[in-house]
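Below is one structure, written out as structure tokens; the observations come after it.
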Amino acid sequence: MSLSLLVFVLSTIIGVVIYEIFFDLNPNGLNIKMAGLIVVGTFSISLLLSFLMCYKYYQDLQFNEKVQVIKTLRNKSKSTIYHASALGSNISKAYNEKFEFVVDDIKLDVDKELFEHCAEGDQLILNYAPKSEYLLSIEKK
């Protein structure tokens, strides 16, 4: 969505520049028709871009299918993320624990329960959405 927002802002700026140039060339008055065309064009381009970016996800939601791929767990790691301590305190406190699996040289974030349940070398079932190839879930085989 951030790309769509960026295009919206840039097209608005371009529209305002075009309008100002046109208004400077036509000093007779404010041209409401031109301003309306710029607004409609900006919204149309933003909506079209947003739809094109999300079309794969809409298709996945519509068909409700998944593709299962079986992979081998090569490595797993646990890391603790600390947050800064308060002023005057030398003790930093654990903020969050992060659990990761390495499958085919790709790091995947998992929950604590799955992390503790699996060992290196286990077979995992990775569930993907077929159109967008979004990882839906990870299961132990």
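Please treat every number below as a calculation from the coordinates, not as lab data. Since the structure is predicted, the reported quantities are computational estimates derived from the model, not experimental observations. For neighbour counting, all protein chains shown are included, and Cβ atoms are generated from backbone atoms with ideal geometry for every residue, glycine included.
Taking other residues whose beta carbon is less than 15 angstrom from the beta carbon of Q62, and scoring Lys, Arg as +1 and Asp, Glu as -1, yields +1.
Distance from the Cα centroid of the stretch 43-65 to that of the stretch 103-141 is 26 Å (rounded to whole angstrom).
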